[in-house]
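Comments concern the structure below.
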Amino acid sequence: MNKSAYGVIFSAIVGITSSTSAFAVPAVTWSSINAVVDNVLSTTTLYTNTIPSGTTNGRLVWDPTEATSPGISVDNDTPPNSPPGATGCILAGGATCDDPRQSGKRYKLQATAAGPIDLVFDIDPNYAPVDGIYRIFGKIINAMPASMSGYTLELGTGVGSSFTRFTGTEGITFYTPLNDPPKEFELASVFPAGLFSPAGTPAGSGEGFFSADRSGFDLLYAPTVIQTNGIYGDYATFFGDALLTGSAVPDGYFFDDDSDPLTDDILQAWFDETAGQWLYGQADAFAPVDASTLATWALDPLYYVGAIDDLANTNLNASIVFSGATASSFTLRTTPSAVPVPAGIVLMGSVMAGAGALSALRRRATKQN
């Protein structure tokens with residue numbers, strides 16, 4: 001198996017062929033069959049049964065300033081930087097495939113427990129059999145009471161205990177990257193570029209605050225399942241080999257450079273709890289923030305302390321291929337894996353629920369000094 005620079009490991013790939021020819025556009029829509037939408041809290045709770053009165057392991061969340069209820073949608077348009085023949089995308093509510101980068105077009109899936117989280121989609125039977133490629137613009141957020149060692153994505157049918165993974169013969173599979181190593185838009189699970197990325201990757205971004213190298217989850221791939229296989233890059237050097245939960249991320253000192261609450265603020269420094277001090281600099285060249293600088297920041301209303309929420313999420317890039325599909329619906333299942341909390345350790349509840357926290361999630365740590 002080959003390990004790419006973006007941390008993608010390929011297992012045996014069978015049963016999918018790629019084409020650059022034109023595809024008929026399937027009429028794909030998100031189904032609320034296992035969901036309850038709360039437009040006050042900007043959350044869509046996803047249940048493990050079709051009658052939403054039982055167990056839930058996660059929810060969709062959205063920031064009303066950049067997305068709309070129910071937090072997820074499907075756009076039947078050609079997305080940029082996508083596999084050849086792409087006909088649409090799955091993304092945040094009210095967004096479009098060609099919305100610009102950092103516009104908040106990724107749907108945000110919060111994992112609240114280590115169990116399956118099912119997103120159900122309907123296909124208009126008038127289009128059957130259907131063909132097409134839909135890119136997934138997703139963000140997976142760890143809101144569990146423990147670190148997340150990884151997650152599994154599956155394609156199938158049904159929800160909860162009624163879920164059955166597809167065999168790969170139903171005409172609905174994950175996209176096979178054409179490149180080895182794959183391009184990031186083809187298949188990747190990466191941590192935010194403002195924290196871990198070379199300067200100019202993606203285009204227009206600066207060097208990552210914590211590292212000039214990409215970091216994310218390694219991935220194993222098969223036609224109807226994608227599974228993480230540990231973390232690559234410098235995330236583990238700073239924070240361990242699992243994705244931090246939102247209540248455990250370190251604090252940062254942020255600077256609001258334009259006094260606009262809708263734009264990203266600049267991360268100036270972070271608090272290293274091990275060292276017990278504020279550190280500033282960039283990409284492995286950190287130094288303690290002196291007392292006079294901290295005093296100056298404390299007196300300036302444009303500087304503030306807040307959690308570096310982006311350290312609790314990963315951006316998901318994948319695509320779903322429809323090839324002669326006749327099913328009336330399908331399920332995209334996400335199952336997070338939690339790292340057990342050591343005995344005697346009590347974590348606070350998640351600090352990332354609700355619209356206010358989602359606004360902070362977008363504003364913090366996506367730019368750097």
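The values are calculated or read from the model by the stated rules, or taken from the named source; none is laboratory data. Nothing here was measured: the structure is a model prediction, and the numbers come from that model. Every residue, glycine as well, gets a Cβ built from its backbone with ideal geometry; the counts of neighbours run over all protein chains shown.
Just one of the listed residues (L316, L267, L311) is touching a helix residue (DSSP H, G or I) at 6+ places or on another chain (Cβ under 7 Å), buried (at least 16 other Cβ atoms within 10 Å of the Cβ), hydrophobic (A, V, I, L, M, F, W, C) and not in a loop (DSSP other than H, G, I, E, B), and it is L311.
From G58, G88, which residue is modelled with pLDDT of 90 or more and either more than 17 Å from the chain's Cα centre (by Cα) or charged (D, E, K, R) (or both)? Residue meeting the stated conditions: G88. For the range 117-131, indicate whether the set of residues that are at pLDDT 95 or above and either part of a loop (DSSP other than H, G, I, E, B) or over 16 Å from T29 (Cα atoms) (or both) is non-empty. Looking through the range 117-131, at least one residue is at pLDDT 95 or above and either part of a loop (DSSP other than H, G, I, E, B) or over 16 Å from T29 (Cα atoms) (or both). Of T274, T293, which residue is polar (S, T, N, Q), assigned to a loop (DSSP other than H, G, I, E, B) and either without any contact (Cβ under 8 Å) to a residue 12 or more places away in the chain or more than 30 Å from I172 (Cβ to Cβ) (or both)? Every option except T274 fails the conditions.
Exactly one residue among A86, A113, A95 is of a type outside the set (D, E) and out of contact with any Lys or Arg (no Cβ under 6 Å at 6 or more places or on another chain), and that residue is A113. I need the full set of residues from the range 164-202 which are among the aliphatic types (A, V, I, L, M), closer than 19 Å to D265 by Cα and in contact (Cβ under 8 Å) with a residue 24 or more places away in the chain, in order please. A193, L195 - these are the residues of the range 164-202 that are among the aliphatic types (A, V, I, L, M), closer than 19 Å to D265 by Cα and in contact (Cβ under 8 Å) with a residue 24 or more places away in the chain. The residues of the range 67-84 that are within 25 Å of L187 (Cα to Cα) and not hydroxyl-bearing (S, T, Y), listed by number, are A67, G71, I72, V74, D75, N76, D77, P79, P80, N81, P83, P84.
In the range 54-72, the residues that are within 12 Å of D118 (Cβ to Cβ) form Cβ pairs under 8 Å with partners that are of a type in the set (D, E, K, R) and crowded, with 19+ Cβ neighbours inside 10 Å, at six or more places apart or across chains, as follows: L60/K108.
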